[in-house]
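First comes the structure, then the notes that go with it.
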Amino acid sequence: AQSVSQHNHHVILSEAASLELGCNYSYGGTVNLFWYVQYPGQHLQLLLKYFSGDPLVKGIKGFEAEFIKSKFSFNLRKPSVQWSDTAEYFCAVTPRAAGNKLTFGGGTRVLVKP
Amino acid sequence: GAVVSQHPSRVICKSGTSVKIECRSLDFQATTMFWYRQFPKKSLMLMATSNEGSKATYEQGVEKDKFLINHASLTLSTLTVTSAHPEDSSFYICSARWGLVAYNEQFFGPGTRLTVL
């Protein structure tokens, strides 16, 4: 079975700082990759996804993620964060063969100080 | 984006009673709905997948007789926690997707917090 690990449980940074959240997965086959965000008191929303093609994926709100197949990684980045980026971020994977099942990482709580 | 609602948002019940949680896709037809459970400070764990008109497919370790899932229409799925016990207390989240292909985005509901006394 696949698994997803997110290296940082909590990240605290100041506005305008750059953000990078690590995500590694374990699965031998082809996967689809996702990053979701959960703002305080709100439901999960899709930030971006990778299925195929350019491994550098751009999402909403200035986020991007890079798929590095050799490292089984899909790290999320944002060059300059804002206070409104305070949220919990989840990486998720689904084997392309399985289709349906999202396996989530443990999540990273990001606090952006104004 | 598409909207998925859940009702109730919070429920407190006594041990031994059953609780029903509704998940509705408000502006699209959800061919597939998913039910997740989220423990405090932990990630979402997929409990089951249901396609409209079919029996739900449960993940390993999830008791199908305890967590009854019904997906009778393209806009409604229900999760019934039968004979609830304190260890069933958790945050339950549903998601809905149009179509059967993984490329279609899952839209998540706001979650239901269940507390069993």
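The values are calculated or read from the model by the stated rules, or taken from the named source; none is laboratory data. Bear in mind that the values here come from a model prediction, so they are computed numbers and not experimental data. Using ideal geometry, Cβ is built from the backbone for each residue, glycine included, and neighbour counts are taken over all protein chains shown. Accessible surface areas use protein heavy atoms only, side chains included; no ligands, DNA or RNA. Shrake-Rupley method; radii C 1.70, N 1.55, O 1.52, S 1.80 Å.
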Selection within region B:1-40 - under 16 Å from B:His71 (Cβ atoms), β-branched (Val, Ile, Thr) and either in a strand (DSSP E or B) or open to solvent by 40 Å² or more (accessible area, probe 1.4 Å) (or both): B:Val4, B:Ile21, B:Thr32
When residues of region B:53-88 are limited to those that are part of a loop (DSSP other than H, G, I, E, B) and open to solvent by less than 40 Å² (accessible area, probe 1.4 Å), the one nearest to B:Gly109 (Cα to Cα): B:Ala56
From the list A:Leu76, A:Leu44, which one is within 9 Å of chain B (Cβ to nearest Cβ) and open to solvent by less than 40 Å² (accessible area, probe 1.4 Å)? A:Leu44
Here is a list: A:Lys101, A:Lys61. Which entry is among the charged types (D, E, K, R), within 14 Å of chain B (Cβ to nearest Cβ) and closer than 30 Å to B:Thr57 by Cα? A:Lys101
Across region B:51-70, which residue is farthest from A:Gln6 (Cα to Cα) among those that are within 13 Å of chain A (Cβ to nearest Cβ) and at pLDDT 90 or above? B:Ala56
Would you be able to tell me the number of residues in region B:89-117 that are buried (at least 19 other Cβ atoms within 10 Å of the Cβ), in a strand (DSSP E or B) and either touching a residue at least 60 places away in the same chain (Cβ under 8 Å) or within 14 Å of another protein chain (Cβ to nearest Cβ) (or both)? 11
Counted residues in region B:41-52 being within 23 Å of B:Ser5 (Cβ to Cβ) and open to solvent by 30 Å² or more (accessible area, probe 1.4 Å) come to 3
Within the bounds of region A:88-95, is there any residue that is in a loop (DSSP other than H, G, I, E, B) and polar (S, T, N, Q)? no
